[in-house]
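Below: the structure, in structure tokens.
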Amino acid sequence: MLGVLAAPLCAICIFFVLCLLIFLGVTWYESSKAEYPPGIANPKLLKTIHTFVTGTFILGKTLDKLRIWNIAGFFNSLEKISVPKVKDDPEIFTKNVQFGGVPVRVYQPRSPSAGGRKGVMLLHGGGFMLGSIDLYDSFCQYITKNSGAVVVSVGYRLAPTHRCPAALDDCVLATVHFLKTAEEHGVDPSSVIICGDSAGGNLTAGVCQTLVGRSDLPKPLAQVMMYPVVQMADFNLPSYQQNKMVPLLLREQTLYYLITYIGGDPSLSKEMIKGSHVPPEIRQKLSRWLSSEEFKAKGYKPHIMAPFNKDIYEKVKKAFDLPCSPLFSDDDVIRQLPQAYILTCEFDVLRDDGILYKKRLEDNGVPVTWYHVKDGFHGVVNFFHHPDVVSGKLAMDNVVSFIKNL
């Protein structure tokens, strides 16, 4: 009997070993394509993390294509397993509640306050597909403890299960609820700051623009955006050209996240990189903005987009709506926005998204505080607790300082 079973078991073992070797080989090959420019912070650490992330995406996409495990469920489960629970800080009171039906976690300093505190709506990053309240727990605790503000971390719905504009809708609902009930949490309603990184920076811009003209609500005090993605038109900005293979966010990954968010076909990424989906009026705006001194100084050579393809545009036209591209909103909306803080990183594909949004705000009279991390990479602020990433801690402290001194 054992002899009969031995051959099939041996074949199964050989099959799995071959699959493992193929997976490791593909992971090594794909991760080896990454570039680490001179001057970037912690290239060794970045290489290690990028290899892990690359393998995770390859495995997730493979399981999804084989219909073994939905990619969203895979990432969610992996996050729960790999992210250690953050130890509660005795100086902070934390509670999980719902604002407008949206799950949130509220962080309140236990120390007494003479008056109403500042409030921070934290909209996490993750490409509209990843991230969670738990993943940003230490991030929120740090802001609360060092700024004295009450922080509300929003657990908005994620793609691909929930497509655009689900994430923005949730963030708006939670923010409106907080603005209406701020005093119940010891917060001055006129001192609420909207804050987010990466996709959360996009949502921050979207929330602030959505609330423009709402006379029934206090106006947000400020908007804080860390390396935000604010447009889905030009994927050949200088930063995209220079950093398309620089971790922790490659251009290919960026397109995958964004197309998934809008419900498009990932196979359209090549056409979007060429600019086939960009209508003439958007091209004119980009041409005008990119002729500014900020981009001339970088030696930017304009990318000539492919001819406009209406069929491609129709398939991805959501990319130009407010939830995806707040950069293209009308001037009369932009000029009513609160003061802004924008953080950008030199070695980040989204660097010039932040610079373009900074220009749009300043051109419309909105005060902007700009902090540029010269050796920074995408996601550097999330490494504030890592002793080897000095620029991450400095960036995080700069964000906290801005909030504290408003």
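For a paramagnetic label modelled at 7 Å from the Cα of I12 toward its Cβ, which residues of segment 61-77 fall within the zone defined by backbone nitrogen distances under 20 Å? Counting only backbone N, you get 68-69.
Under the classification rounded if a/c is under 1.5, otherwise prolate if a/b is larger than b/c and oblate if not, where does segment 162-248 fall, given a ≥ b ≥ c as square roots of the Cα gyration tensor eigenvalues? Don't jump to the answer; show the numbers that get you there.
Numbers: a/c = 2.65, a/b = 2.26, b/c = 1.17.
It comes out prolate by the Cα gyration axes.
With N counted as the residues of segment 301-406, its alpha-carbon radius of gyration over 2.2 N^0.38 Å works out to 1.31. Under the membrane-span-like helix rule (DSSP H runs whose alpha carbons stretch at least 30 Å along the helix axis, mean Kyte-Doolittle hydropathy 1.0 or higher), the chain yields 2-31.
With the convex hull drawn over the C-alpha atoms of segment 205-337, the volume per residue is 131 Å³.
Between L268 and C19, the simple label model (points 7 Å from Cα in the Cβ direction) yields a spacing of 3.3 nm.
Arranged from fewest to most other beta-carbon atoms within 10 Å of their beta carbon, L361, L268, L237 become L268, L361, L237. The packing ranking of peptides 365-371, 154-160, highest mean first, is 154-160, 365-371, where packing means the average number of other beta carbon atoms within 10 angstrom of each residue.
Past 26 Å, Cα to Cα: identify those pairs from K315/K374; K145/K180; K47/K317; K270/K393, in the order given. Please report the intermediate quantities before stating the final value.
Values: K315/K374 37 Å; K145/K180 24 Å; K47/K317 35 Å; K270/K393 36 Å.
In this structure, K315/K374; K47/K317; K270/K393 lie more than 26 Å apart at Cα.
Considering only T181, T48, T94, the mean-square fluctuation computed in a Gaussian network model of the chain, springs between alpha carbons under 10 angstrom, is largest for T48.
Annotation: peptides 226-233, 130-137, ranked by per-residue average of other Cβ atoms within 10 Å with the highest first, follow the order 226-233, 130-137.
For K44 and S401, compute 0.36 nm times the residue count separating them, minus their Cα-Cα distance, and round to one decimal in nm. Each step should come with its number before you reach the end.
Values: separation 357, 0.36 × 357 = 128.52 nm, distance 2.96 nm.
Contour length minus Cα-Cα distance gives 125.6 nm.
Averaging the sequence gap over all C-alpha pairs within less than 8 Å and six or more residues apart, then dividing by the number of residues, gives segment 336-406 a relative contact order of 29 percent. For q = 0.06, 0.09, 0.13 Å⁻¹, what log10 I(q)/I(0) does the chain give under the Debye formula with an equal point scatterer on each alpha carbon and no solvent? Result of the Debye calculation: -0.25, -0.55, -1.13.
Enter the mean projected area of the convex hull around the alpha-carbon atoms of segment 2-82, in nm², rounded to one decimal.
7.7 nm²
Read-outs: derived from the displayed coordinates by stated rules, not from any lab. Given the structure is predicted, the values throughout are model-derived calculations rather than measurements. Counting neighbours? That spans all protein chains shown, and the Cβs are built from the backbone with ideal geometry, glycine included.
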